[in-house]
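Chemist: So that we are looking at the same thing, I have put the structure below in structure tokens.
Each value in this text was obtained by applying a stated rule to the coordinates, not by laboratory testing. Bear in mind that the values here come from a model prediction, so they are computed numbers and not experimental data. Counting neighbours? That spans all protein chains shown, and the Cβs are built from the backbone with ideal geometry, glycine included.
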Amino acid sequence: MARAAALTRRARAHAVGGPQAGHLSQVLARHRGVPLAGYLPMRTEIDPVPALAEAAAHGPVGMPVIVARDAPLRFRTWTPGCATVPGLFGAPVPEGGDWMTPDILIVPLVAFDVHGGRLGYGGGFYDRTLQALRARGPVLAIGFAFAAQQTDDLPIEATDQPLDMIVTEHGIIAT
């Protein structure tokens, strides 16, 4: 129920259009050259590509690839305009490129709260990935979403990995 309501709010925000990635660009500008990974939007996800394209001019940028249903994501290097193919669940992924490990991960959201809680699609991919990345060292997890996706009633589970900050089209929320 929470997921369906959040997806409806996200779809309404997406329909408004307009600039979306300005605040994300500001955050990433503070981390020039640091390996990072984002995502290529699908359906009504907020679009991080303009900020990722800026970041790619200064350092490596990767995109998530689902390699198995119960495994963490892997990341393939991406450059603006590179060839993509549909991934396991239809999300576009780079057709080729080297594998990389990000120190910053931009995470798509269905919903979020101001404490760094996040609701995704339910597959656990980002939770497993953040857990694995954090086991090897520090990683900055940035949720990127429309402000309308914020909620105070998020069903949090013990396996959910918190976000370090949330960036919306309206601003930055430190958690």
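Chemist: With Cα Rg over 2.2 N^0.38 Å defined as stated, name the option among (1) 1.31; (2) 0.95; (3) 1.19 computed from the structure displayed.
Modeler: It is the value labelled (2).
Chemist: GNM, the chain, Cα, under 10 Å: largest mean-square fluctuation among Leu133, Leu40, Leu88?
Modeler: Leu88
Chemist: Just how large is the dipole of the chain about the Cα centre, in debye to the nearest 20, putting +1 at every Lys and Arg Cβ and -1 at every Asp and Glu Cβ?
Modeler: Using only the charged Cβ atoms, the result is roughly 160 debye.
Chemist: Determine, for Asp113, Asp103, the number of other Cβ atoms within 10 Å of each Cβ, and report the residues in order from fewest to most.
Modeler: Placing the least packed residue first, the sequence is Asp103, Asp113.
Chemist: Of Ala141, Pro86, Pro102, which is farthest on the positive side of the dipole of the chain, counting Cα position, with +1 on Lys and Arg Cβ, -1 on Asp and Glu Cβ, and the Cα centre as origin?
Modeler: The Cα lying farthest towards the positive end belongs to Pro86.
Chemist: Test of understanding: in a Gaussian network model of the chain with alpha carbons linked when under 10 Å, which of Ala51, Ala148, Ala135 would top the mean-square fluctuation ranking?
Modeler: Among Ala51, Ala148, Ala135, the largest GNM mean-square fluctuation belongs to Ala135.
Chemist: Taking the number of other C-beta atoms within 10 Å as the exposure measure, put Leu163, Leu140 in order starting with the fewest.
Modeler: Ranking Leu163, Leu140 by Cβ neighbours within 10 Å, fewest first, gives Leu140, Leu163.
Chemist: Further question on the same structure: Relative contact order for the chain using alpha-carbon pairs under 8 Å, separation at least 6, rounded to a whole percent?
Modeler: The normalised contact order for the chain reaches 23 percent.
Chemist: Considering only the range 77-175, what is the antiparallel percent among its DSSP beta bridges, to the nearest 5?
Modeler: So the antiparallel bridges amount to about 45 percent of the total.
Chemist: Determine the calculated [θ] at 222 nm for the chain from helices alone, applying -39500 (n - 2.57) to every DSSP H run no shorter than 4 residues and normalising by the residue count; nearest 500 deg cm²/dmol.
Modeler: -7500 deg cm²/dmol
Chemist: Something else now. Could you list the square roots of 5 times each eigenvalue of the Cα gyration tensor of the range 123-175, that is, the equivalent ellipsoid semi-axes, sorted largest first and rounded to whole Å?
Modeler: Values for the range 123-175, descending: 21, 14, 9 Å.
Chemist: Ok, one more. Kindly provide the trypsin sites (Lys or Arg not before Pro) of the range 25-125 that DSSP labels as loop, not H, G, I, E or B, and whose Cβ sees at most 16 other Cβ atoms within 10 Å.
Modeler: Sites meeting the loop and neighbour criteria: Arg30, Arg32, Arg43, Arg69.
Chemist: Here's something else I'd like to know. Under the Karplus relation 6.51 cos²θ - 1.76 cosθ + 1.60, θ = phi - 60°, what is the ordered set of whole-Hz ³J(HN,Hα) values for the range 36-49, x standing for Gly and Pro?
Modeler: Karplus-based 3J(HN,Hα) across the range 36-49 equals 9, 10, x, 7, 9, x, 9, 6, 9, 5, 5, 9, x, 4 Hz.
Chemist: Find the centroid of the Cα atoms in the range 127-175 and in the range 55-99, then give the distance between the two in whole Å.
Modeler: The range 127-175 and the range 55-99 have Cα centres separated by 20 Å.
Chemist: Turning to a different aspect of this structure: Please report Thr79, Thr151 as a ranked list, fewest other C-beta atoms within 10 angstrom at the top and most at the bottom.
Modeler: Thr79, Thr151
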